[in-house]
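Colleague: The following block contains the structure, expressed as structure tokens.
Where a number appears in this text, it was derived from the coordinates with a stated rule and is not lab data. Everything numeric in this text was worked out from a predicted model, so none of it was measured. FYI the Cβ positions are ideal-geometry reconstructions off the backbone, even for glycines, and counts take in every protein chain you see.
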Amino acid sequence: MFSSDAFKDKELAAESKYVHDHDRELIEKLRKDLAKKTTEQAAAAAALEAAIDAAPKVSPIDVGYGPGGLSSSSPFGKKEAALEEKYFRDQDKEKLEKLKKH
């Protein structure tokens with residue numbers, strides 16, 4: 001009777017060791033995948049930031065609104081253009097922050 005208990009104990013120990021080793025391998029694989037994704041996301045964020053910085057800063061003031069619209073020379077037209085430019089820059093910053101979070 002003593003020998004059968006020893007075999008059961010040895011079998012349980014071997015099974016526990018296998019499960020533990022398998023879990024350790026899975027965790028290590030997940031850590032490597034996470035590190036790879038983090039690196040890729042950092043590179044993508046840097047590329048996006050560089051693209052935003054390199055993009056020509058075309059202001060609505062420079063382009064104008066065309067006939068019938070606000071004149072770029074009027075104070076209201078300049079203020080509206082400045083607000084619109086600020087809005088789009090804020091949108092770009094939000095996109096960049098979202099990309100950095102993911």
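Colleague: In whole Hz, what ³J(HN,Hα) sequence does segment 77-87 give by Karplus (6.51, -1.76, 1.60; θ = phi - 60°), x for Gly and Pro?
Modeller: x, 5, 5, 4, 5, 5, 5, 5, 5, 4, 4
Colleague: Here's a follow-up. Below 14 Å, Cα to Cα, which aspartates and glutamates can LYS79 reach? Residues fewer than 8 away in the same chain don't count.
Modeller: Straight-line reach from LYS79, under 14 Å: ASP62.
Colleague: Compute, for segment 1-45, the length of the dipole vector about the Cα centre, with Cβ point charges of +1 (Lys, Arg) and -1 (Asp, Glu) only. Units Debye, rounded to 20. All intermediate terms of the calculation are to be shown ahead of the outcome.
Modeller: Values: 9 positive and 10 negative charges, 57 e Å.
In debye, rounded to 20, segment 1-45 gives about 280.
Colleague: If the limit is 23 Å between Cα atoms, which of LYS78/LYS98; LYS37/LYS100; LYS36/LYS100 go over it? Each step should come with its number before you reach the end.
Modeller: Values: LYS78/LYS98 30 Å; LYS37/LYS100 12 Å; LYS36/LYS100 14 Å.
Beyond 23 Å: LYS78/LYS98.
Colleague: Within the set of other residues whose C-beta is less than 14 Å from the C-beta of LEU96, count the net charge using Lys and Arg as +1 and Asp and Glu as -1.
Modeller: Values: positive: ARG89, LYS93, LYS95, LYS98, LYS100, LYS101; negative: GLU49, ASP53, ASP90, ASP92, GLU94, GLU97.
So the environment of LEU96 carries a net charge of 0.
Colleague: Can you list the HN-Hα couplings for segment 12-17, worked out from phi with the Karplus curve (6.51, -1.76, 1.60; θ = phi - 60°), rounded to whole Hz and with x for Gly and Pro?
Modeller: Calculated HN-Hα couplings, in order: 5, 5, 5, 5, 4, 5 Hz.
Colleague: In addition: Using only the Cα atoms of segment 1-43, what are the Rg and Dmax in Å?
Modeller: 18.7, 63
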